[in-house]
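The values are calculated or read from the model by the stated rules, or taken from the named source; none is laboratory data. Because the structure is predicted, anything quoted here is derived from the model rather than measured. Note that each Cβ is placed from the backbone with ideal geometry, even for glycine, and that neighbours are counted across all protein chains shown. Quick note on the areas: whole protein, heavy atoms, side chains included, nothing else; ligands and nucleic acids left out. Shrake-Rupley method; radii C 1.70, N 1.55, O 1.52, S 1.80 Å.
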Amino acid sequence: MKTVVPQTLRKLARATAISVGVAGSVFAATAAHADTTLYVGAYGGSFEQMLKKDVIPAFEQANPGTKVVIVPGDSTTNLAKLQAQKGKAGMDVVFLDDGPMYQAIQMGFCGKLADAPVYRDLYDIAKFKGGNAVAAGLIATGIAYNTRLFQSKGWPAPTSWQDLSDPKYKGKLVMPSIKNTYGLHGLLVESKINGGSDSNIEPGFRAMEKISPNVLSFDPSPGKIAELFQSDEVAIAVWGNGRVQALRQQGIPVEFVYPKEGAVALSMGMCVVDKSANNALAQKFVQTILTPQTQAILAESAGVAPANKKTQLSLAVAARVPSPAQIDKLIRVDWDVVNAKRAEWTQRWNRQIER
């Protein structure tokens, strides 16, 4: 199927081409201090810090002469970087949400994953069709709410996606733009619960027109959302359970809700970039992320449900991530349909919702 790339993504690609060129000199300077430098495109914020603190040191120690450098960015930005670096030195491994990951695969940016025993231990939902990518972990997109603010207002906890249009949340809602996976999930689920589907998005846009007056911010930045929750400027947000877990670790009073209509499945995908000069090492890094030991770190630090069935979690950590039973109930997205329409929907969103 023909891949459709949002106009915003094309603009990002052009802009990132400059940064990739500049980064080349930085990459070269860093590589001078190691036999091999592995560049990993990954989510910024708490996820980046977790990798640097709890994963990368052990990987570097197990692979002498290796230096791992994180290239931080959200999924849209890192996909644009992949476009910009075609045929040039750049990222060797990249983490992307499942929607952008399927785009990356269609564009030929992800090479085949090498066969390894660890892949036999994964849940089926963690395997991307075609064998070019795999889920590092599984997340649920639902509703985050400010427990301190709710308590002070005497409001009951939200239970439904329909709650987002409640007038009492006027100016108190964060709905990420649909350029972000959480925002796109919000549009898709509003469509489904109002009689539509992934291929019939009209009910979703009608619902979003009712919700948009409540929106204070469409900014998906984790740092910005954390700041708004901390200052009690927002009461409620469409967000992932992993991001909520990161806020809780910072002492921010926020809880995650699985709406009664269902939360949406989000796979934290990762792939080895096609024609990486460090393919063997990149394959090893992906396999390391999938070991039960690293999967337990991701669950504890990032609130990500393990992709590896053999991962052992403490009762406290297991209570904070989607259980296998909850994962089975998550709403799935047909990314072949959605990616083909995403550019059109983004343009419409910009005109109709985020004005």
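In summary, strands (runs of 3 or more DSSP E) completely within the range 196-271 and bearing 3 or more residues that are at pLDDT 95 or above and buried (at least 24 other Cβ atoms within 10 Å of the Cβ) occur at 236-240.
Here ILE139 fulfils each of the conditions (1) among the β-branched types (Val, Ile, Thr); (2) closer than 18 Å to ALA302 by Cα; (3) at pLDDT 95 or above apart from (3).
Residues in the range 57-80 that are surrounded by fewer than 21 Cβ atoms within 10 Å (Cβ to Cβ), in a helix (DSSP H, G or I) and aliphatic (A, V, I, L, M): ALA58, ALA62. The helices (runs of 4 or more DSSP H) found wholly in the range 286-355 and carrying at least 3 residues that are modelled with pLDDT of 95 or more occupy 292-302, 335-352. Restricting the range 119-151 to residues that are small (Gly, Ala, Ser) and without any contact (Cβ under 8 Å) to a residue 60 or more places away in the chain, the residue that is nearest to VAL273 (Cα to Cα) is GLY131.
The residues of the range 167-195 that are open to solvent by 50 Å² or more (accessible area, probe 1.4 Å) and assigned to a loop (DSSP other than H, G, I, E, B), listed by number, are LYS170, LYS172, LYS179, ASN194, GLY195.
Filtering the range 28-53 to residues that are more than 25 Å from the chain's Cα centre (by Cα) and either in a helix (DSSP H, G or I) or modelled with pLDDT under 90 (or both) leaves ALA28, ALA29, THR30, ALA31, ALA32, HIS33, ALA34, ASP35.
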